[in-house]
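Chemist: One structure, as structure tokens, below. Some questions next.
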Amino acid sequence: MFTTVLMIEKPLAPADVELVTSLHGDEQVSFVVLMQPRGDQDRLLRAVDDVALGYLDDAAHEDREPEGDDATPVAERALAHSLEALRASGAEAVGRIVDKHPLDLLRTVVEETDADEVIVLTAPHFVEEFFHRDWTSRARHKVGVPVLKLFAEHD
């Protein structure tokens with residue numbers, strides 16, 4: 001069994017599920033999904049990314065994202081949806097919401113599950129990527145397994 005820790009920011013779209021479940025061919029994969037709720041702290045960076053990608057309407061409405069305690073129920077539903085979609089594809093999947101220190105939690109989960117890899121499935125974050133402050137760049141310095149960055153389906 002191949003174990004993948006999957007870090008996500010939003011519910012998995014069908015194309016995302018197909019992508020992550022097909023990476024290892026016919027090998028059985030077990031996923032540990034870490035759902036990081038979108039927070040207020042990176043609203044400006046998301047707006048800049050939206051503008052860079054041409055999603056001007058999204059940039060103008062960044063203030064409509066749930067924040068703080070309001071983001072948790074949304075994240076719980078997103079995680080439940082994602083786990084259900086992975087299981088429906090035939091994969092094993094468990095998960096949890098990341099409430100604090102995502103990279104510390106990632107390292108702990110990788111060690112506890114003896115994970116084979118980490119996949120960060122995210123939208124492009126140009127500002128963070130340029131300064132190597134994105135999850136993938138930072139995770140590569142925290143865990144002792146390969147870290148792969150994939151871009152999620154944009155809704």
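Chemist: Could you pull out every residue, at least 5 positions away or on a different chain, whose amide H is within less than 5 Å of the one on A152? Hs are placed 1.01 Å off N in the peptide plane, and Pro or chain starts have none.
Modeler: Result for A152 returns T122, A123.
Chemist: R107: accessible area at probe 1.4 Å, nearest 10 Å²?
Modeler: Only protein atoms counted, so the area is about 80 Å².
Chemist: Cα to Cα, under 18 Å, and not fewer than 8 places away if on the same chain: which lysines meet these conditions relative to K10?
Modeler: Here the lysines satisfying the reach criterion relative to K10 are K100, K149.
Chemist: Could you compute the FRET efficiency for E92 and L148, with r as their C-beta to C-beta distance and R0 at 22 Å, rounded to 0.05? Don't skip to the answer; put the middle values down first.
Modeler: Details: r = 19 Å, r/R0 = 0.86.
Efficiency for this residue pair is about 0.70.
The values are calculated or read from the model by the stated rules, or taken from the named source; none is laboratory data. As the structure is a computational prediction, the values presented were derived from the model and not from experiment. Reconstructed Cβ throughout: ideal geometry from the backbone, glycine too, with neighbour counts over all protein chains shown. With ligands, DNA and RNA removed, areas are computed over all heavy atoms of the protein, side chains included. Shrake-Rupley method; radii C 1.70, N 1.55, O 1.52, S 1.80 Å.
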